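Notes for the one structure printed next.
The values are calculated or read from the model by the stated rules, or taken from the named source; none is laboratory data. Since the model is a prediction, treat every value here as computed from it, not as a measurement. Glycine also receives a Cβ, built like all others from the backbone with ideal geometry; neighbour counts cover every protein chain displayed. We work out accessible area using only protein heavy atoms, side chains counted, and drop any ligands, DNA or RNA first. Shrake-Rupley method; radii C 1.70, N 1.55, O 1.52, S 1.80 Å.
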Amino acid sequence: MGTETSEEAHVLDEQELIDFLYVDKERTDSFISQLRSGTLRSVTKTTDTSEGSSLSVKGSIKVAQGEIKTSNESKANAAEEYDPYHSQLIQLLNDLDIHPSDTLPDECVGKMMLIKSHIRIHDFESIKSVMPIMSKNLSAFGLPSDKATRNSLKLVADLLAQMSDSISLTLDVDGTTVNGTLKGDGLSITQSDISRTYGVRMPGTWYTLGILDTVEQKQQPQMVGAIEDVVDAMSDAMNQVFQQSRYKIIPILVFRVVDTH
């Protein structure tokens, strides 16, 4: 752990297409504004156009029949607007100049990293909706129907019922997991469609740009006294249940390079 690959930082070649699965728009706008003194919202391309006209006339004694071309030309501007948003995301990655890495540092706080890994996405909303059906049909889902399994499922169902419909992101990096949470409106595919189409594991290798932290796990139960201590203890216990990895990430971009050949 703690080393970076020798792969070039500019993984986004001009000839490659990028599939952005997730974009934290607020954070990307903030970083672009800091690096570029503002965030470009639109680009307008203006071109000049001109028009001419001709008039057919009948012949007379003095004027032969023919065509008279007028010289009155009118000029106008034709404007086309472009949304540079995704090109700005690519530019942000190149501005940050972060080498993609498939390893993790031993310790870090607030470290911006571009991690190359396999990823898993857990949609708690879909899991909650299917839990009652699964509990009644354990064998159909390939699960043992013993009492311990039923009790475990009931505990998970009760916990999930009290949670918001969050979307969990897990990076599998060199045998170590990294946990994070995705915003639903940042996904290019709805979480339910991801769950139905791919299940939990997304195919292939993905790049995740995010802010990485290591968090020490508490080994001993806390003494509880004030209400704040109780809340802290419960929060720590909940964190242990759902995200046991000491590596936490705030995802900013999740993308992959599309094979067009």
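Points to keep in mind about this one:
- With the whole protein complex present, ILE121 retains an accessible surface near 10 Å², based on a 1.4 Å probe.
- Accessible area in the full protein assembly, largest first, 1.4 Å probe, for ASP95, ASP174: ASP174, ASP95
- Probe 1.4 Å - accessible area at PHE141, Å² to nearest ten: 90 Å²
- Solvent exposure, largest accessible area first (probe 1.4 Å, DNA, RNA and ligands not counted), of THR197, THR205: THR197, THR205
- Local charge for VAL254 was computed over the other residues whose Cβ lies under 12 Å away, with Lys and Arg +1 and Asp and Glu -1, and equals +2.
- Computed with a 1.4 Å probe over protein heavy atoms only, the accessible area of SER37 comes to about 120 Å².
- Summed side-chain charge close to GLY199 - residues other than GLY199 whose Cβ falls under 11 Å, Lys, Arg +1, Asp, Glu -1: +2
- The calculated FRET efficiency for ALA148 paired with GLU107, based on their beta-carbon distance and R0 = 30 Å, is about 0.20.
- Residues whose placed amide H lies under 5 Å from that of ILE98, excluding near-sequence neighbours: none
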